[in-house]
Every structure is written in structure tokens, then in C-alpha cells.
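Since the structure comes first, as C-alpha cells, the remarks are kept for the end.
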Amino acid sequence: IIMKQIFFIILVIWFYNVKSQTNKKVLFLGNSYTYVNDLPLIIDSLANAEGNDLIYDQNTPSGYTLEEHSTNSTSLAKIASQNWDFVVIQEQSQRPAFSPSQVTTEVYPYAEILNDSVISNDSCSETLFFMTWGRQNGDQTNCQYYPPICTYEGMQQGLRNSYLEMGINNNASVSPVGMAWKKVRELTNDTINLYSSDESHPSIYGSYLAACVFYASIFDKSPIGNSYHFNLPNQTALFLQTIANDVVFDSTYVWNFQKAKFGYKLINNNTFLFTGTKNTLSDYWDFGDGTNSTTHDPTHTFPGSGNYQVKHIIQNNCITDTIITQIYSSVTGLNNNNLNNFAIYPNPANIYVQIKSNLKVKSIGIYDIYGRNIKILSGFKCISGLINIKFLPKGIYFIKLKTNQGILVKKFIKQ
């Protein structure tokens, strides 16, 4: 009897460990930024330390571009070799920071070709773009041709913009290594040197930071407290883990990890039109007022003024995902003619928008298409001024004015 009990306990422990283990199959297509210090192995070691496993393969020839990968027989054969959870795609380190016109012709078409190859092999595989980092003192080789990349900051901004564009264009996610890199540099003033001596490739600190970002991106789990430190000092490893965690999980919608998405627009007073995620098999809406809907793009009237937590659950052949967004509904008797007293220009805009209104304004809010608040300005009485939107990624946004006559909402486009 005792032996049976021991066997049963062992069986339960084994079953629990197997059930809780997460395995991810990942292919890495890139170049030396990936193979230096063996980045995939560091990610696997982080996963192993938490009882997970990274099953991976790679093709990372030195200096390789997406253009070269898109026709490389080894890269294409590896894509087709099995059903991957993720295929990580990394461009040559300088190209995505070049001028927008050059990136449009030399980078984006090949990102699309590779993404199409990934999806053609398995529609549930996901492309994960590897946002890299700017060189320590900018790209001095190409600085004369495109001055914004003469500095680290300018080069990093170019990389950020291009990789996010690749994510948007291909409905893919972006692993924001470059943004974590930037945050570490800002907070430490390079006392933790992420670069090797060539001011380009990663040091062991840089590779460990990148691995922590990828661990969070691939496994959707925090790296904070992970016992694998790659022989780094404990406090340094914890610091890098924390930065990676914060960058990934504070902005999952920016990196496109959030697959359930919805937009909405105010029709009148407290009635909204909601637009669901594309290509779903089923939709479920909980409007936070005791009512729900299974329509893809429902119109809903809230019962009164206030904030409502709207939940959207989507399901397709590959995933089930949920997003919850707070919606403000007003039934203050707002006259839609007051929209004529609210103007935004230029629209579309790039750096600034100017807002004009004859109404008494209590506050201004900028929201993205998922209803997330980006910025709030308060203390206004009458408006005729500029709002800096340079920090916003390209996309559709809404400006919401709280006035003495209710809420006014208008859409603008950031170019």
C-alpha cells in the first residue's frame, strides 16, 4: 500500500510538471547580432530555469539582410521544416535606420516575403521581428548620407519606427530589444556596457538583456527573479530582467502582442459603434453594464453616464485572447452641433496638432484606437494652441474634450 501511495504521489508530481511546462518552437533568421554570445541558447537557459523549453533552430550568417534571407535556400528550408510557434526575423543592423524611402524599397518588401513564407508553411505560426539597437555612437559609416543616424538616439528612433512598421504591415509582433537597450543606457549612463569593443555587437550584458526581452516576448512570462544569470552579478542580472519586463509588458499593444483589439466611435451621447478584431471565428462582448453581444461589430447604448469596462474576447483557429478597455459614456445632453466648435488641424499631422474650441474645456485626452489613454492635459478654459504628437507612433487616434457642455470626440491621423 505504501509503495502504491509513493507511486501515486510521484505520478501526480510528474503530471503537474508536464502540464505546467511550456515548450516553444522558434526559428531565428538573422545575423551576427543573434549568433554572438549564442542568444538562442541564453533564451533557452532562461526557459529551462523556469521549467520551460525552447526548441530552436537558426540561420544567422554574418551581415545577412532580409533580402538575402528571402531567397536563401537554407532559410526557406528551415521555415518549411516544421510548424514553428515563432519565426524571429532580424534585419542587418543598419538598414532599418536608413531614410524612410530607402527602407521602403530595401527592407519592407523582403520582410513581407519572409512573413508570407512563414504563414504559408503554418497559418498559426507568428513572425516576431527582432528590433535591434543603435550603434553606441550612431552609424558613422552612413552618417553623411542620412544625418539622423549620426547619433545613437537618431539611429535608435529609426530602428524603432521601421520595426514597428514591419509589425503593422505584416500583422506580426515586435520584440522590443532596442527599447530595453535604450532604457538601460538612459538609466545607467553606460556603466553597464551593453556593447562589445566594436561599439556595435552585444557584450554579454547586451545579449543577456536581449534574451530577457525575448523570453518575455515568446513565453509571455516575466523574467524577473529568473535564476539563470549567464554568470552576471546577481544585482545586475536582476536589473536587466526588470528592464526587459517593464519594456515588454508596459506596452504590449505597441509591440502587437495583444491580438484581441477593438476600435470604437461615438455615434451620439451614450451610443457607440464597436469594431472587432479582423478574421475571428467568434466574438464575445461584455459591455460592463450587465449586457453582452456576440456580434462582430456591435452598436451599444450605455444606460447612463460613467466609466464602463468593456471586455472583448476573440477566438480563431490559432488563439483565444481577451482585451478589456475602459469606455467613458456621457448622457449630459451634448448637442452634436457643438462639434462644429471643435477643430483639429492639420489632420493628418506629424509633429503638432492645433485644437480650437469656443467651449469651456476642462481637460483634453488623447486615446488610441483601442481606447487606451495616451495623454491628458487639464486646466484649460479656452483652447487655441498646439499639442506635441511627435512621440506618437503612426496610426489613428482620438482627441476627447471634456467641456461644460459634455464630451466632444474627434479622430486624427498621426503620419
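The values are calculated or read from the model by the stated rules, or taken from the named source; none is laboratory data. What you are looking at is a predicted structure, and each value in this text was computed from that prediction instead of being measured. Backbone-built Cβ (ideal geometry, glycine too); neighbour counts: all protein chains shown.
Taken together, 65, 127, 132 contain a single residue that is buried (at least 22 other Cβ atoms within 10 Å of the Cβ), touching an Asp or Glu at 6+ places or on another chain (Cβ under 8 Å) and β-branched (Val, Ile, Thr), which is 132. Hey, could you check the stretch 93-125 for residues that are among the small types (Gly, Ala, Ser) and more than 20 Å from the chain's Cα centre (by Cα) and say which is modelled with the lowest pLDDT? This residue is 123. Scanning the stretch 342-367 for residues that are closer than 17 Å to residue 413 by Cβ and not in a strand (DSSP E or B) gives 346, 347, 348, 350, 351. Taken as a whole, the condition of being more than 26 Å from residue 252 (Cβ to Cβ) and either assigned to a loop (DSSP other than H, G, I, E, B) or modelled with pLDDT of 80 or more (or both) does not apply to residue 307. The residue that is nearest to the chain's Cα centre (by Cα), among those in the stretch 272-283 that are surrounded by 14 or more Cβ atoms within 10 Å (Cβ to Cβ) and modelled with pLDDT of 85 or more, is 275. Please go through the stretch 101-128 and give me each residue that is touching a residue at least 40 places away in the same chain (Cβ under 8 Å) and farther than 13 Å from residue 67 by Cβ, ordered by number. Residues satisfying the conditions are 115, 117, 121, 123, 124, 125, 126, 127, 128.
Criterion first (more than 22 Å from the chain's Cα centre (by Cα), at pLDDT 95 or above and among the aliphatic types (A, V, I, L, M)) does residue 29 satisfy it? No, not satisfied. Does any residue of the stretch 244-259 turn out to be over 16 Å from residue 324 (Cβ atoms) and among the basic types (Lys, Arg)? Looking for residues that are over 16 Å from residue 324 (Cβ atoms) and among the basic types (Lys, Arg), one finds none in the stretch 244-259, hence no. Of the numbered conditions (1) surrounded by fewer than 14 Cβ atoms within 10 Å (Cβ to Cβ); (2) within 27 Å of the chain's Cα centre (by Cα); (3) in contact (Cβ under 8 Å) with a residue 12 or more places away in the chain, residue 231 satisfies every one except a single condition; which is it? In the conditions (1) surrounded by fewer than 14 Cβ atoms within 10 Å (Cβ to Cβ); (2) within 27 Å of the chain's Cα centre (by Cα); (3) in contact (Cβ under 8 Å) with a residue 12 or more places away in the chain, residue 231 misses (2) alone. Among the residues that make up the stretch 77-88, is at least one of them assigned by TED's automatic domain parsing to the domain that holds residue 166, in a helix (DSSP H, G or I) and out of contact with any strand residue (DSSP E or B) (no Cβ under 6 Å at 6 or more places or on another chain)? Yes, that holds for at least one residue.
Scanning the stretch 385-415 for residues that are among the β-branched types (Val, Ile, Thr) and part of a strand (DSSP E or B) turns up 387, 396, 399, 403, 407, 409, 413.
Looking at the structure I just gave you, is residue 159 part of a helix (DSSP H, G or I), outside the structural domain of residue 395 (by TED's automatic domain parsing), at pLDDT 95 or above and crowded, with 24+ Cβ neighbours inside 10 Å? Criteria met by residue 159. Applying the selection to the stretch 217-244, what residues are in contact with a Pro (Cβ under 9 Å, 6 or more places away or on another chain) and farther than 25 Å from residue 311 by Cβ? Across the stretch 217-244, the qualifying residues are 240, 241, 242, 244.
For (1) buried (at least 24 other Cβ atoms within 10 Å of the Cβ); (2) modelled with pLDDT under 95; (3) not in a loop (DSSP other than H, G, I, E, B), each residue gets a yes or a no:
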| position | (1), (2), (3) |
| --- | --- |
| 181 | yes, no, yes |
| 208 | yes, no, yes |
| 211 | yes, no, yes |
| 222 | no, no, no |
| 226 | no, no, no |
| 238 | no, no, yes |
| 242 | no, no, yes |
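For the structure I just gave you, tell me whether residue 71 is at pLDDT 95 or above and not in a helix (DSSP H, G or I). For residue 71, the condition - at pLDDT 95 or above and not in a helix (DSSP H, G or I) - is met.
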